[in-house]
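Asks: There's a structure below that I have some questions on.
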Amino acid sequence: MFTTSLSIVFRYPKTENQEVVSGEVKNAFHFTNELVAKSKLSTIISFEEDLKQNYVENRADGISIIRISTPKTRGVIRYLTRVFNAYLFCRKIAFNKYDIVHSHVTYGSILAVLLGFRKVLITTPHGTNYQEIQTELGKSFKDRLRRLNAELQRMLDTMAMNASTLTTSVSEYQVADMKHTYRCVRPICVVYNGVPEYYKENADIVKFYDGLFIGRACKKKGIDLFYQLAQQRPNKYFKMVLGDEIFTTLPASFMRKLENLENIDIVYRRTEQQLVEDINSARVLLVPSRGYESLPTVIMEAIACAVPVIATNAWGNPEVIKNQNLLFKEDVFEDFVRAYEYASERGYQDNDYSNKSLNTEHGKLINAYEAIKK
């Protein structure tokens, strides 16, 4: 019988109105909130980058949140210092009083093992750094170091997954990748990221933007294709939601070009409620990623809002987007434009998308918890 669990996450929001554009933050947040609502969660460990010291927050609903201050380092150093800092603060906690530890970051699973947890350990890697960073890297000395760093982090992620009772994937596509790239030999369960009820169509919001982009300002997100489209369509009005500036890796010269286009609005650090308004204000969401994605949560959020989505025809995207006309060849601008024009003319059609994107499947993992216990 399921009794109590602990979740390990990155940057657990202090309020629902905090900026949580990053999927690594929001997906874990929505999942843990669902467990709280079902009285299946008692403790959360949250790694934070804006704290001066560690502290424990005891909420009125009985949930304890252990907030761990982490230095603003990068790469494997960040990975290891987070584990070490949390270990020093949490080593007096009797981890084995929990039936299940569910880590939404792989370094959290390493922490659980170091703290002697011996029951059910579940790992959900919301980020896939090793595959994604390959698109960013060139041949410079700095990029070679970044490649080495990614390889070391992949090795640590592999250790975390194979120390787990169960690893979850956000798409069917990613399962094979986990087995190949991470050599994961442990059981894998597919759990699509859920979309909260407040992501829905709002008829009161005017469709002001002809196209919307949501994501980090980095090469792999395909922002250059979005920029080209805006250049070619000066009579169309576009919007970009870029999250936090700290995640920007594109050259300053390119960012200035973006900012100088009069038909693009650029905003940063949106709250969940603002993001819902952003999506509902657009006629089409554009997801021109390259290199690697598992399955972008923003696709499912837009579908829940009944906003047409076009995306790269790769990875987990075709599992959700069923109309091939809404998918385009990776990095082919002409095909990107074709899909955009098709979506603009067609609008939203229910049969273009899979229903799995509209409903949370977190219950599937909760069932997996119960099955493991039995």
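The values are calculated or read from the model by the stated rules, or taken from the named source; none is laboratory data. Please read these numbers as outputs of a predicted model, since none were measured by experiment. All Cβ positions, even for glycine, are placed from backbone atoms using ideal geometry, and neighbour counts span all protein chains on display. SASA here: full protein model, heavy atoms, side chains in, ligands and nucleic acids out. Shrake-Rupley method; radii C 1.70, N 1.55, O 1.52, S 1.80 Å.
Asks: Which ones in segment 70-86 are β-branched (V, I, T) and in a loop (DSSP other than H, G, I, E, B)?
Replies: T70, T73
Asks: Which condition number does S253 fail, the rest of (1) in contact (Cβ under 8 Å) with a residue 40 or more places away in the chain; (2) open to solvent by 10 Å² or more (accessible area, probe 1.4 Å); (3) of a type outside the set (K, R) being met?
Replies: Condition (1) is where S253 drops out.
Asks: Still on this model: Mind listing whichever residues of segment 303-348 are among the charged types (D, E, K, R), closer than 23 Å to V170 by Cβ and assigned to a helix (DSSP H, G or I)?
Replies: Correct list: E319 only.
Asks: Report yes if R186 is assigned to a loop (DSSP other than H, G, I, E, B) and of a type outside the set (G, A, S), otherwise no.
Replies: Considered against the rule, which asks whether it is assigned to a loop (DSSP other than H, G, I, E, B) and of a type outside the set (G, A, S), R186 comes out as yes.
Asks: Open to solvent by 50 Å² or more (accessible area, probe 1.4 Å), charged (D, E, K, R), touching a Phe, Trp or Tyr at 6+ places or on another chain (Cβ under 8 Å) and modelled with pLDDT under 90, is that true of E245?
Replies: yes
Asks: Go through segment 190-201 residue by residue and tally those that are of a type outside the set (G, A, S) and surrounded by 18 or more Cβ atoms within 10 Å (Cβ to Cβ).
Replies: Total meeting the criteria: 6.
Asks: Let me ask something else about it. Do we find that L229 is under 30 Å from R256 (Cβ atoms) and in a strand (DSSP E or B) in this structure?
Replies: Spelling it out, it is not the case that L229 is under 30 Å from R256 (Cβ atoms) and in a strand (DSSP E or B).
Asks: Here is a follow-up. Find the residue count for segment 228-239, including only residues that are under 30 Å from G194 (Cα atoms) and either modelled with pLDDT under 95 or in contact with a Leu (Cβ under 6 Å, 6 or more places away or on another chain) (or both).
Replies: 1
Asks: If you don't mind, there's one more thing I want to ask. When only residues in segment 256-277 that are open to solvent by less than 20 Å² (accessible area, probe 1.4 Å) and not in a strand (DSSP E or B) count, which is modelled with the lowest pLDDT?
Replies: E272
Conditions (1) of a type outside the set (D, E); (2) buried (at least 20 other Cβ atoms within 10 Å of the Cβ); (3) touching a Cys at 6+ places or on another chain (Cβ under 6 Å); (4) assigned to a strand (DSSP E or B), marked per residue:
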{"position": "S7", "(1), (2), (3), (4)": "yes, yes, no, yes"}
{"position": "K14", "(1), (2), (3), (4)": "yes, no, no, no"}
{"position": "L41", "(1), (2), (3), (4)": "yes, yes, no, no"}
{"position": "I68", "(1), (2), (3), (4)": "yes, yes, no, yes"}
{"position": "L88", "(1), (2), (3), (4)": "yes, no, no, no"}
{"position": "G108", "(1), (2), (3), (4)": "yes, yes, no, no"}
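Asks: While we're looking at this one, here's another question. Please enumerate the residues belonging to segment 136-162 that are open to solvent by 80 Å² or more (accessible area, probe 1.4 Å) and part of a loop (DSSP other than H, G, I, E, B).
Replies: K139
Asks: Another question, if that's okay. Could you grab me the full set of residues in segment 237-255 that are among the aromatic types (F, W, Y) and assigned to a helix (DSSP H, G or I)?
Replies: Within segment 237-255, F247, F254 qualify.
Asks: Which of the residues spanning segment 163-181 are of a type outside the set (A, V, I, L, M, F, W, C), open to solvent by 50 Å² or more (accessible area, probe 1.4 Å) and out of contact with any Ser or Thr (no Cβ under 8 Å at 6 or more places or on another chain)?
Replies: Correct list: E172, K179, H180.
Asks: Take K72 and tell me if it is over 18 Å from the mean Cα position of the chain (by Cα), surrounded by fewer than 16 Cβ atoms within 10 Å (Cβ to Cβ) and over 24 Å from P125 (Cβ atoms).
Replies: So K72 does not fit the description; no.
Asks: Also, quick follow-up: (1) in contact with a Cys (Cβ under 9 Å, 6 or more places away or on another chain); (2) surrounded by fewer than 24 Cβ atoms within 10 Å (Cβ to Cβ): which one isn't true of S281, the others all being true?
Replies: It is condition (1) that S281 fails.
Asks: Within segment 45-66, how many residues are open to solvent by less than 10 Å² (accessible area, probe 1.4 Å), of a type in the set (A, V, I, L, M, F, W, C) and either more than 25 Å from the chain's Cα centre (by Cα) or closer than 24 Å to R154 by Cα (or both)?
Replies: 2
Asks: Exactly one of these conditions fails for A304: (1) modelled with pLDDT of 95 or more; (2) in contact with a Leu (Cβ under 9 Å, 6 or more places away or on another chain); (3) among the small types (G, A, S). Give me its number.
Replies: The one condition A304 does not meet is (1).
Asks: Now for a separate question. Return a yes/no flag: does segment 92-105 have any residue that is touching a strand residue (DSSP E or B) at 6+ places or on another chain (Cβ under 7 Å), surrounded by fewer than 23 Cβ atoms within 10 Å (Cβ to Cβ) and among the charged types (D, E, K, R).
Replies: Yes - at least one qualifying residue is present in segment 92-105.
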